[in-house]
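As structure tokens, the structure follows; a few thoughts come after it.
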Amino acid sequence: MNDALLTLRDVHVRFPAKRNWRGNVVEQVHALNGLDLTVNDGETLGVVGESGCGKSTLSQVLMGMLAPSQGECVRARAPGSWLANGMQMVFQDPLSSLDPRLPVWRTITEPVWLQGHGSETERRELACELATLVGIRHEYLDRLPHAFSGGQRQRIAIARALSAQPDIILLDEPTSALDISVQAQILNLLVMLQRQRKLTYVLISHNISVIRHMSDRVAVMYLGQIVELGTAHNVLNHPRHPYTRLLLDSVPRLDRPLLQHAGETMKTGELPSNRRLPQGCFFRERCPYASVDCGQPQSLTPLNETDGVRCWRAVAGS
Ligand SMILES: Nc1ncnc2c1ncn2[C@@H]1O[C@H](COP(=O)(O)OP(=O)(O)OP(=O)(O)O)[C@@H](O)[C@H]1O
Ligand SMILES: [Mg+2]
């Protein structure tokens with residue numbers, strides 16, 4: 001379980017934001033700012049954080065679609081798949097990620113076809129096998145994506161990801177476009193497939209209950225950094241970083257007192273600009289506990305074998 005599949009070391013990603021008349025970059029977006037993270041074999045790693053904190057940029061780095069501006073993303077061992085990186089992605093909106101002109105059996109087996117593997121008959125057989133696995137009837141395989149419901153389309157997207165025999169699947173908000181009842185079915189399908197195929201998931205979601213339901217470990221991101229990382233149980237039930245506490249408190253829950261973190265309020269509503277990074281602790285400007293000691297940059301400090309936090313106060317108090 002603790003066998004690292006992917007390791008990120010001090011990963012920074014900067015995008016050009018503004019150029020002068022000579023075409024030189026004069027302003028940058030600092031999307032990731034020193035990310036250290038491992039993805040372990042067979043786990044589900046949940047990634048949470050508000051919009052713009054860098055979750056999708058992180059998934060692009062993990063996929064190898066985006067090279068870090070600084071630092072590295074290393075794969076521990078060669079994937080058991082013929083995919084170069086052993087990874088596939090499933091996105092939020094299945095309709096826009098499926099080709100509207102392709103019958104679904106072709107969509108499902110497109111990654112195999114792109115690699116030039118298998119005859120048409122073999123690919124059709126593979127599509128039938130995967131359709132059974134994800135709960136799509138064989139007689140529907142010649143239809144186009146728009147003929148399916150949102151949940152069925154997400155099943156098709158999952159079958160497509162599986163056709164390449166990945167060992168890691170990145171799930172970027174996989175159920176947020178779906179009805180609640182359908183969400184649960186898709187999450188249960190993902191859990192079943194993970195057990196059956198020994199998959200590793202990186203699950204990005206705004207939805208804390210989805211993260212809670214699925215994750216073994218959780219990483220909490222803020223302004224392109226991980227501010228808290230640990231077992232899902234510890235991070236979600238005993239959050240240490242003030243940002244994690246406020247993030248969790250913004251989700252109404254019935255199984256604990258609503259005022260558990262009474263008195264803690266975020267100072268301003270907006271994420272600071274990632275074009276000009278704050279000095280010292282990135283959360284300082286919004287933190288209810290900020291003091292002069294927070295003027296130093298914070299590092300993600302291990303608290304035990306599994307958990308770490310980027311806040312000197314939380315470290316001192318633990
Ligand atoms: N190609 C790009 N060029 C310039 N800026 C970018 C690019 N991609 C992302 N960004 C910026 O990087 C920051 C992080 O974006 P990212 O999409 O990773 O956030 P996110 O956490 O996935 O947000 P959301 O929850 O809204 O999907 C944002 O400020 C975004 O505007
Ligand atoms: Mg995103």
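The values are calculated or read from the model by the stated rules, or taken from the named source; none is laboratory data. Quick caveat, the model's predicted, so the values are computed rather than measured. Neighbour counts are summed over all protein chains in view; Cβ atoms, including those assigned to glycine, are modelled from backbone coordinates with ideal geometry. The accessibility values were calculated without ligands, DNA or RNA, using every heavy atom of the protein model including side chains. Shrake-Rupley method; radii C 1.70, N 1.55, O 1.52, S 1.80 Å.
At-a-glance table
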| item | result |
| --- | --- |
| Zero-based 10 Å bins, Cα pair distances in the chain, whole percents | 6, 25, 31, 23, 12, 4, 0 |
| For peptides 184-196, 214-226, 19-31, 166-178, sequence by mean Cβ density within 10 Å, most packed first | 214-226, 166-178, 184-196, 19-31 |
| Accessible surface of the chain [probe 1.4 Å, protein heavy atoms]: carbon and sulfur percent | 51 percent |
| DSSP-defined beta bridges in the chain - what % are antiparallel, rounded to 5 | 60 percent |
| The chain - mean residue ellipticity at 222 nm from DSSP helices (-39,500 (n - 2.57) per run, n ≥ 4, rounded to 500) | -8500 deg cm²/dmol |
| Cys residues of the chain counted as unpaired, since no other Cys beta-carbon is under 4.7 Å | CYS53, CYS73, CYS128, CYS287, CYS311 |
| Cα→Cβ-extended label distance, 7 Å offset, between ARG77 and TRP21, nm | 5.9 nm |
| Positive-end residue, the chain charge dipole about Cα centroid, Cβ charges, pick of CYS311, PRO145, VAL112 | CYS311 |
| Extreme residue, positive dipole direction of the chain, given options LEU229, GLY54, ASN188 (C-beta unit charges) | GLY54 |
